[in-house]
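Here is the structure we will look at.
The values are calculated or read from the model by the stated rules, or taken from the named source; none is laboratory data. Everything quoted here is computed from the prediction, not taken from an experiment. We place every Cβ from the backbone using ideal geometry, glycine too, and count neighbours over all the protein chains shown.
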Amino acid sequence: MYQFHPERPTPNPYLDVARLVIPNSKIVHKFGANFDIDQATDPESVWTGGGLYPWASLATAQTIYCISTSASDTATLTVEGLDANYNEQTESVTLTGTSAVATTSTFIRVFRMTYEDGANVGTITARVTSGTGTVVAQINVAYAQTLMAVYTVPAGHTGYMVALDGTIDSNKNCQILMYHRLFGKPFRIAHIAESSGHYRYDYHAPLRIPEKTDIDVRVDNVSGNDSRVTANFDIVLIRD
């Protein structure tokens, strides 16, 4: 429980979480982008893979195959997600350019990848089944980091969403929809907004998200083709 510090007249529990003052807690900041949404293809998830996020491809824990479109990408790639028991898991692999490299561990969720040697030359993807299988995470050229507004709360934790925002490029509008799926249940809308330019919502009472809940920020009803959309959300993650 947050403890008031008398020497700090305006207590900021989020700052204390970020400073690791409050035990068994941390801030999760997720940020995503989809740089090409058309009226004929929406709704789409806010991630660089395009289209709706392929949750069904991770119905069971999978070996992840990491590959680039450029032979120059041969540095370390860090993959973050959840193991078969929904516990947090991180694995680093050394890319070999256009040849797929398999993870040693299996993942039931992948929600972040980082290329550890500056800007990547090619598009880096994480796939299931093989190096040509379904894409479950993608790093666009030169970004060195996935942009995916999807997340799953790890086992043994509860998430508290404190902020959500989204943008669409100028002179366009869209619907921003935050879906969540409680473990064993279907996806349902948990937040919806109409946006023209920028939208932000700060939860006065944080939205409680139980363990193993999937979160997927989507965009629908874009007013024009080739729409560029971003989305971000912040969660305070508490170990139960």
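Points to keep in mind about this one:
- Residue satisfying condition, being within 23 Å of residue 214 (Cβ to Cβ), surrounded by 17 or more Cβ atoms within 10 Å (Cβ to Cβ) and acidic (Asp, Glu), within set 80, 88: 80
- Matching residues in the range 175-198 - criterion: being touching a Ser or Thr at 6+ places or on another chain (Cβ under 6 Å) and touching a residue at least 40 places away in the same chain (Cβ under 8 Å): 176
- Flag if residue 136 is modelled with pLDDT of 95 or more and touching a helix residue (DSSP H, G or I) at 6+ places or on another chain (Cβ under 7 Å): yes
- Set 106, 78, 114: member being assigned to a strand (DSSP E or B) and closer than 30 Å to residue 193 by Cβ: 114
- Condition check for residue 130: modelled with pLDDT under 95 and not acidic (Asp, Glu): no
- Tally of residues being part of a strand (DSSP E or B) and either under 14 Å from residue 113 (Cβ atoms) or of a type in the set (Gly, Ala, Ser) (or both) across the range 84-102: 9
- Scanning the range 82-119 for residues that are on the phi > 0 side of the Ramachandran plot and touching a Lys or Arg at 6+ places or on another chain (Cβ under 8 Å) turns up just one, 86.
- Among all residues of the range 43-55, there is at least one that is at pLDDT 95 or above, under 17 Å from residue 114 (Cβ atoms) and either of a type in the set (Phe, Trp, Tyr) or assigned to a strand (DSSP E or B) (or both).
- Tally, over the range 117-139, of residues that are in a strand (DSSP E or B) and under 23 Å from residue 153 (Cα atoms): 9
- Among (1) at pLDDT below 95; (2) within 24 Å of residue 147 (Cβ to Cβ), the one test that residue 30 misses: (1)
- Among the candidates 144, 126, residue that is among the small types (Gly, Ala, Ser), buried (at least 18 other Cβ atoms within 10 Å of the Cβ), within 26 Å of residue 219 (Cα to Cα) and touching a Phe, Trp or Tyr at 6+ places or on another chain (Cβ under 6 Å): 144
Per-residue answers, yes or no, for (1) in the same structural domain as residue 211 (by TED's automatic domain parsing); (2) over 22 Å from the mean Cα position of the chain (by Cα); (3) at pLDDT 95 or above; (4) not aromatic (Phe, Trp, Tyr):
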position: 17; (1), (2), (3), (4): yes, no, no, yes
position: 38; (1), (2), (3), (4): yes, no, yes, yes
position: 62; (1), (2), (3), (4): no, no, yes, yes
position: 70; (1), (2), (3), (4): no, yes, yes, yes
position: 79; (1), (2), (3), (4): no, no, yes, yes
position: 103; (1), (2), (3), (4): no, no, yes, yes
